[in-house]
Amino acid sequence: MEVRIDKYIWAVRIFKTRSQATDACKKGRVSVNGIEAKPSRGIKPGDEIRIKRPPVVHTYKVLQPLANRVSAKLVPDYILDITPEEELHKLEQNKFGGFFYRDKGTGRPTKKERRIIDNLNSEVEDED
């Protein structure tokens, strides 16, 4: 049994809506076994799905095809998350590294302030 990739990634709750899953495929953010996937591409057990959600590339292995959305408790029966630890670490760094405190009411940063923030960010990345 083959199932459309957009329908599958929606059914296993990687995307909230099927239209979001379809858009991700159309924008080239989804690949199956290293090949960019159109929304209508069929998947089968053993396929490896990569989904780019900057700054992280999530990797999943298909255990069973699935056409209808299931509860979150049943998702592990259909898909296996094999995302490398380095990718997940990028997500943690992004949570803490990109935020700078600004007083309420000061508005958006000016061009000069933005350059200072960018320089601080690049220094933090160089230390890692």
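Remarks
- Just one of the numbered conditions (1) at pLDDT 95 or above; (2) farther than 21 Å from Leu91 by Cα; (3) of a type outside the set (Phe, Trp, Tyr) is not true of Val3: (1).
- Within the stretch 74-128, the set of residues being over 22 Å from the mean Cα position of the chain (by Cα) and at pLDDT below 70 comprises Phe100, Tyr101, Arg102, Val124, Asp126, Glu127, Asp128.
- Some residue of the stretch 62-69 being farther than 21 Å from Gln20 by Cβ and surrounded by 12 or more Cβ atoms within 10 Å (Cβ to Cβ): yes
The values are calculated or read from the model by the stated rules, or taken from the named source; none is laboratory data. None of these values were measured; they are calculated from a predicted model. So basically every Cβ, Gly included, is an ideal-geometry build from the backbone, and we count neighbours across all protein chains shown.
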